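Worksheet: one structure, shown below.
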Amino acid sequence: MLGWAITFLIVALVAAVFGFGGIASASAGIAQILFFIFLVLFVVAMVARALRGKTP
């Protein structure tokens, strides 16, 4: 999922350079949403691992 967020971020940056405002803002929004989903899943996984008592 992080790969998708990075892909949409790159698409947004390329679209911004070429002046496609609508595509850039849509891609940036998708990248931001995917990044935060990935971040929440990462935190949940770390908490679940800590509660099980496993060493990192």
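Rule-based calculations on the coordinates, nothing more; no lab input. All values reported here derive from a predicted model rather than from experimental measurement. FYI the Cβ positions are ideal-geometry reconstructions off the backbone, even for glycines, and counts take in every protein chain you see.
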* Report the paramagnetic label zone for PHE42: residues of the stretch 1-32 whose backbone N is under 20 Å from a point 7 Å from Cα along the Cα-to-Cβ axis. => 1-13, 28-32
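If each DSSP helix of 4+ residues adds -39,500 (n - 2.57) and the sum is divided by the residues in the chain, what number results at 222 nm, nearest 500 deg cm²/dmol?
So the helix-based figure for the chain works out to -31000 deg cm²/dmol.
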